[in-house]
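This report concerns only the one structure given below.
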Amino acid sequence: MSITRENWTSRTSFILAAVGSAIGLGNVWRFPYICYENGGGAFLIPYFFALFTCGIPLLMVEFIMGKRARGGAPQAFEAIRPFMSWAGWLACLCAFIIVTYYCSIMAWSWDYIWYSMKLAWGNDAAGFFNQQVLNKTAGPGMLGGIQMPILIGLILTWLAILLILWKGIGSVGKVVLVTVPLPVMCLVILAIRGLTLPGAVDGVIYYLQPDFSKLQDPRVWLAAYGQILFSLSLGQAVLIAYASYLPKDADISNNSFMTGFINCGFSFFAGFAVFSALGFLAYQVGVPVQDVVKSGPDLAFITYPTIISKLPFWAPFFGVVFFLMLLTLGIDSAFALVEGFATPLKDATGIKHTKVIIWLCIIGLAIGILYVTRGGFHWLDIVDKYVSDFGLVTIALAECIVVGWIFGARKFRKEINDTSEVKIGGWWDICIMFITPLILGYILIHSLIKGIVEPYGGYPAWANWVGGWGMIVAAILVSIFLGMKFNRKENK
Ligand code: PHE
């Protein structure tokens, strides 16, 4: 590892980069829906409980792990216990698997910016998305051909990542000055537009009307933990890599609180933009709001375009704003995921940063071609399900065990407090040793059983084996191999 390591040029650039990786598509198409489904306003109680007991404590863990090891996730685990470096490599591989399909979603967004200008979906947004843009095959067994316009979007996305990461962390610090505020501005425009439409209030009432009885359902609490983990980009090597460029005296606790609050505040606000628009749609069509509520790609690429077409004026403008928002929301998560893998690779092999980035971008683009085929959507769906259900949770659990039990929560907390403005107390030990690992362990077992009992999403069992279990097992084996190959201490 080189002795002179690049540093963030300012505290702001580090926080913005961390926030940029956290704020992504999930804040817009996942949080509002989960909130609505799990008790509306009442969901904020488990959500904030999860933020304080799991999100913020784990942000602190990842920040200090990266800072003290001055290396990516594998080096950070290795610095605690050499035999644990595989967990770090697993985090990197998960990040890389995610970014290969995350970029294809961004590819759709490029295309939709173009389609918005002419409202190309006409009055059948669902047919346009499924049959024209994706031209979906019947199932994962048939790939069909490549969808050219999506391939072009994919190439544009990887080119952007290459250019941004090329010069290292210094240029990331500058790029996030644009890619973080820009989607926020877009969201403000969309929220103002949404809230001034007829029917908006009904939508917002749906979003937030509290149903306290839901709090007795353990699934609601699990949903809150799952969402916090995913939303803060925890367990994916990203934040550890970013923190490895922090100067020695950098603050940890305050930066963690800020990252957590900004991300969750953004999610909460996004709910107003989304649900006001859904309220408007329900009003226009003359159905109750629950009939139009959607999440994920259906929300962004079918429901939202339908809403845009119904706007009284400047419809193409709001369409462009919406898809520009998706694109800029996604790009800083995407390059963070690549950097999460690039940093430890460069540290472990000594290969120059630029070279590592070029190779990762080429390989990422090549794998991504699978997702821009006509059958690609099915694979995206399967892979996403398994990585986010098992990958992130396993790694976050490993972090809790390594830090809380093997290294010692108390000793670790002292390291955090040594350079932090806000000193944290014994509550942190309890979260890292007991609350979070117990809940994550429960989530993991629950998903394992569910995954074994029924193949996901009605796809054939073989596709679940290839894109799900097979991929997870392969990732674990490769991580163990990488851990053995690049173990610094033992190789010396
Ligand atoms: N946190 C991002 C979101 O909420 C998704 C993401 C996951 C980004 C993992 C980077 C790493 O959309």
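Note on the chain: helix-only mean residue ellipticity at 222 nm, from DSSP H runs of 4+ residues weighted -39500 (n - 2.57) and normalised by residue number, equals -21000 deg cm²/dmol.
Note on the chain: Kirkwood radius taken over Cα pairs, Stokes-Einstein applied at 10 °C and 1.306 mPa s, translational D equal to 70 µm² s⁻¹. Could you compute the net charge surrounding residue 91? Neighbours are other residues with a C-beta less than 10 Å from the C-beta of residue 91; K and R count +1, D and E count -1. Value of the local net charge: -2.
Using the Cβ of residue 386 as centre and a radius below 14 Å, the other residues enclosed give a net charge of -2, where K and R count +1 and D and E count -1. Label-to-label distance, residue 414 versus residue 434, with points set 7 angstrom from Cα along the beta-carbon direction: 2.2 nm. Ranked by solvent-accessible area (1.4 Å probe, protein heavy atoms only, all chains present), the residues 5, 219, 30 order from largest to smallest as 219, 30, 5. Simple spin-label estimate for residue 359 and residue 452 gives 3.8 nm between the two label positions (7 Å along the Cα-to-Cβ direction from each Cα). Each of 383, 401, 359 was placed along the dipole of the stretch 356-421 (beta-carbon charges, centred on the mean Cα), and the one lying farthest toward the positive end is 401. For the chain, the residue among 197, 71, 164 whose Cα projects farthest onto the positive side of the dipole built from Cβ charges is 71.
Counting Lys and Arg as +1 and Asp and Glu as -1 over every other residue whose Cβ lies under 14 Å from the Cβ of residue 101, the net charge comes to -1. May I ask you to list the residues of the stretch 364-384 whose amide nitrogen lies under 16 Å from a point 7 Å from Cα along the Cα→beta-carbon direction of residue 462? Of the residues in the stretch 364-384, 379 have backbone N under 16 Å from the label point off residue 462.
Applied to the stretch 232-249, the Karplus parametrisation 6.51 cos²θ - 1.76 cosθ + 1.60 on θ = phi - 60° returns per-residue 3J(HN,Hα) values of 7, 6, 7, x, 10, 6, 5, 6, 5, 4, 4, 6, 5, 9, 7, x, 4, 9 Hz, with x for Gly and Pro.
As a rough guide to protection, the peptides 307-314, 239-246 ranked by mean Cβ packing within 10 Å, highest first, stand as 239-246, 307-314. By accessible area, using a 1.4 Å probe on protein heavy atoms only, the stretch 12-485 has 70% of its surface on carbon and sulfur.
Counting only alpha carbon atoms, the long axis of helix 376-386 and the longest principal axis of the chain meet at about 50°. Across the stretch 158-200, the residues whose backbone nitrogen lies under 14 Å from the label position 7 Å along the beta-carbon direction of residue 313 are 193, 197. The modelled label-to-label distance for the pair residue 152/residue 481, using points 7 Å beyond Cα in the direction of Cβ, is 3.8 nm. Evaluated with a Cβ-only charge set (Lys, Arg +1; Asp, Glu -1), the chain carries a dipole of roughly 1180 debye about its Cα centre, given to the nearest 20.
Dipole of the stretch 12-485 computed with +1 at Lys/Arg Cβ and -1 at Asp/Glu Cβ about the Cα centre; of 430, 187, 309, farthest Cα towards the positive end is 430.
The values are calculated or read from the model by the stated rules, or taken from the named source; none is laboratory data. This one's a predicted model, so the numbers in the text were calculated from it and none came from an experiment. When we count neighbours, we look across all protein chains shown, and the Cβ atoms used for this are built from the backbone with ideal geometry, even at glycine. Just the protein is used for accessible areas: all its heavy atoms, side chains included, with ligands, DNA and RNA removed. Shrake-Rupley method; radii C 1.70, N 1.55, O 1.52, S 1.80 Å.
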